[in-house]
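Quick notes on the structure that follows.
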Amino acid sequence: MITARHMKRPQLVLVVDDMEINRDILGLILEDLYEVVYAGDGAEAMELIERYRDRLSIILLDLIMPVMDGFEVLARVRADDDLRHIPIIVLTAEHSAELRALQMGAADFITKPFDVHEVILARVARIIELSEGRQLISAAEHDRLTGLYNRNFFLEYANNIYNYHPESHMDAIVIDIDRFHSVNALNGFDFGDKVLRGIGGEIRAFLDETNGIASRLEADRFEVYCDPQGDYGVVLERFQDAVNELSRNSSIRLRMGVARWKEGIEPILMFDRARAACNLVRNSYKAHLMVYDEEMRQREMLDQRLLNDLSRAVEERQLQVYYQPKYDVQCNPPRLVSAEALIRWQHPELGMVSPGAFVPLFENNGQIGVVDHFVWEEAAGQLARWRDRYDVR
């Protein structure tokens, strides 16, 4: 059984016209299919638009009205990020006004006097359907909290820019919030969401000036693909100032990694580099900005080479264990009491690799257990050989 609770609520249409007869005619056409509200001028229309912003499916807007005309209403709705999704069909008898309205963002027009009712209903239904389809796509493409693109759509659009607009030399920026989990834990998730929305809003304003696109990646990471900027320190300061305004009672630090455009480097690799640069200033109290450079590229290549060669190093016993003796100096003469096992890597092509180059790398990539296991086996074998040689019981 279908009850009132299960019935779909009618779509809401706002009819704006200063002539009562026109409002009545449109009401008669629309009221069997839609819920309709009415306004007699632009000022009244704006009040209703604000009141029903989350419900309005479409606005039918007269252009020539007292108090506030339709052009101003159209301009205000299109300038408001929270309202611009509402489609507008303009009502006019002046053909010259139609073009101007369409250029300002109107979805369609209906000419006066109103004659074929079926045509009006068809236009309204079509525009609502197109608008709702766009909103579904937009909801899939965009992060709900910040309004920025989701990661997958962002990379798709970045690749399109790279492939089809090679004249656009775009830089990659990664922005992260240091210890964001602590911000949420200390201040609550509502405050954390407020900070994320604030950063997202400032990024959108930045994009309007720099011909770019951006996404929110994971909880606290943002990616920006934009025209090259001269001083990224100024860019970071801009975003940091926006965060400071939102968190006067909390210390929240942003960090930024940048990969500048380079011919032949695709967006996904650029953002890998920007993220690597951003990670280098993680938890730093002095540096909060890092621009990816040739030295970092060489370091990255070496890291990948070492990761790739680890299995062979174990198999071919390129890893070598040295023993640093430890003496008890409180007795005379000092007495050997133990030894510290030290790992080295005699690479066949790179030569002797310092543990400072590979131990932190393997720790960060979850491979340090392979090295630990090798050292334990080597140390145990050496202890057994010393015990047999020196008849230690």
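The values are calculated or read from the model by the stated rules, or taken from the named source; none is laboratory data. All values reported here derive from a predicted model rather than from experimental measurement. No Cβ is skipped: glycine too gets one built from the backbone with ideal geometry, and neighbour counts run over all protein chains shown. The accessibility values were calculated without ligands, DNA or RNA, using every heavy atom of the protein model including side chains. Shrake-Rupley method; radii C 1.70, N 1.55, O 1.52, S 1.80 Å.
Residue-by-condition table, conditions (1) more than 42 Å from the chain's Cα centre (by Cα); (2) modelled with pLDDT of 85 or more:
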position	(1), (2)
Gly366	no, yes
Gly369	no, yes
Arg385	yes, yes
Asp388	yes, no
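Could you tell me whether region 138-153 includes any residue that is among the hydrophobic types (A, V, I, L, M, F, W, C), touching a residue at least 24 places away in the same chain (Cβ under 8 Å) and open to solvent by less than 60 Å² (accessible area, probe 1.4 Å)?
Step one: of region 138-153, the residues among the hydrophobic types (A, V, I, L, M, F, W, C) are 139-140, 145, 148, 153.
Next, from what is left, pick out any that are touching a residue at least 24 places away in the same chain (Cβ under 8 Å): 145, 148, 153.
Filter again for open to solvent by less than 60 Å² (accessible area, probe 1.4 Å), leaving 145, 148.
Yes, that holds for at least one residue.
With the condition kept exactly as written, say whether any residue in region 36-53 is touching a Ser or Thr at 6+ places or on another chain (Cβ under 9 Å) and closer than 17 Å to Val15 by Cβ. Show your work before the answer.
Of the residues in region 36-53, the ones touching a Ser or Thr at 6+ places or on another chain (Cβ under 9 Å) are none.
No, every residue in region 36-53 fails to be touching a Ser or Thr at 6+ places or on another chain (Cβ under 9 Å) and closer than 17 Å to Val15 by Cβ.
Here are some residues: Ile127, Ile173, Ile120. Which one is closer than 25 Å to Ile213 by Cα and either surrounded by 11 or more Cβ atoms within 10 Å (Cβ to Cβ) or touching a strand residue (DSSP E or B) at 6+ places or on another chain (Cβ under 8 Å) (or both)?
On the way: Ile127 fails: closer than 25 Å to Ile213 by Cα; Ile120 fails: closer than 25 Å to Ile213 by Cα.
Residue meeting the stated conditions: Ile173.
Quick one: Ser251 ticks every box in (1) assigned to a loop (DSSP other than H, G, I, E, B); (2) under 14 Å from the mean Cα position of the chain (by Cα) bar one, so which box is it?
(2)
Please tell me if Leu383 is in a helix (DSSP H, G or I) and out of contact with any Ser or Thr (no Cβ under 7 Å at 6 or more places or on another chain). Steps first, please.
Values: in a helix (DSSP H, G or I): yes; out of contact with any Ser or Thr (no Cβ under 7 Å at 6 or more places or on another chain): yes.
Judged against the criteria, Leu383 is a match.
Under 9 Å between Cβ atoms, at least 6 apart or on separate chains: pull out the pairs that start in region 328-353 with a residue that is more than 15 Å from Arg312 (Cα to Cα) and end on any residue that is open to solvent by 50 Å² or more (accessible area, probe 1.4 Å) and in a loop (DSSP other than H, G, I, E, B).
Sorted first by the residue in region 328-353, then by its partner, the pairs are Asp328/Pro334; Arg335/Val329.
Take the residues in region 205-231 that are among the charged types (D, E, K, R) and touching a Ser or Thr at 6+ places or on another chain (Cβ under 8 Å), then tell me which one is surrounded by the fewest Cβ atoms within 10 Å (Cβ to Cβ).
Asp227
If we keep just the residues of region 65-102 that are closer than 23 Å to Arg53 by Cα and without any contact (Cβ under 8 Å) to a residue 24 or more places away in the chain, which is least open to solvent (accessible area, probe 1.4 Å)?
Asp80
Select from region 309-351 the residues that are under 49 Å from the mean Cα position of the chain (by Cα), of a type in the set (A, V, I, L, M) and over 16 Å from Val371 (Cα atoms) and list them in ascending order. Outline the logic, then answer.
The initial filter retains those residues of region 309-351 that are under 49 Å from the mean Cα position of the chain (by Cα), namely 309-322, 340-351.
With of a type in the set (A, V, I, L, M) added as a condition, the list becomes 310, 313-314, 319, 321, 341-343, 350.
Residue satisfying the conditions is Leu350 alone.
How many residues does region 120-145 contain that are at pLDDT below 85 and either of a type in the set (Val, Ile, Thr) or not in a loop (DSSP other than H, G, I, E, B) (or both)? Steps first, answer last, please.
Filtering region 120-145 for residues at pLDDT below 85 gives 128-145.
From what's left, either of a type in the set (Val, Ile, Thr) or not in a loop (DSSP other than H, G, I, E, B) (or both): 128-142.
So the answer is 15.
Could you grab me the full set of residues in region 289-308 that are within 21 Å of Val234 (Cβ to Cβ) and either aliphatic (A, V, I, L, M) or crowded, with 18+ Cβ neighbours inside 10 Å (or both)? Can you show your working first?
Residues of region 289-308 within 21 Å of Val234 (Cβ to Cβ): 289-293.
Matches in region 289-308: Leu289, Met290, Val291, Tyr292.
Looking at Val234, Val183 in this structure, which one is outside any strand (DSSP E or B), open to solvent by 20 Å² or more (accessible area, probe 1.4 Å) and among the β-branched types (Val, Ile, Thr)? Steps first, please.
Values: Val183 fails: open to solvent by 20 Å² or more (accessible area, probe 1.4 Å).
Of the residues listed, the single one that is outside any strand (DSSP E or B), open to solvent by 20 Å² or more (accessible area, probe 1.4 Å) and among the β-branched types (Val, Ile, Thr) is Val234.
Which count do you get for residues in region 47-91 that are among the small types (Gly, Ala, Ser) and within 20 Å of Arg23 (Cβ to Cβ)? Full working, then the answer.
Step one: of region 47-91, the residues among the small types (Gly, Ala, Ser) are 57, 70, 75, 79.
If we keep only those that are within 20 Å of Arg23 (Cβ to Cβ) as well, we get 57, 70.
Going through region 47-91 one residue at a time, the tally reaches 2.
Among the candidates Glu349, Glu377, single out the residue that is open to solvent by 60 Å² or more (accessible area, probe 1.4 Å), among the acidic types (Asp, Glu) and in a helix (DSSP H, G or I).
Values: Glu349 fails: in a helix (DSSP H, G or I).
That would be Glu377, the only listed residue that is open to solvent by 60 Å² or more (accessible area, probe 1.4 Å), among the acidic types (Asp, Glu) and in a helix (DSSP H, G or I).
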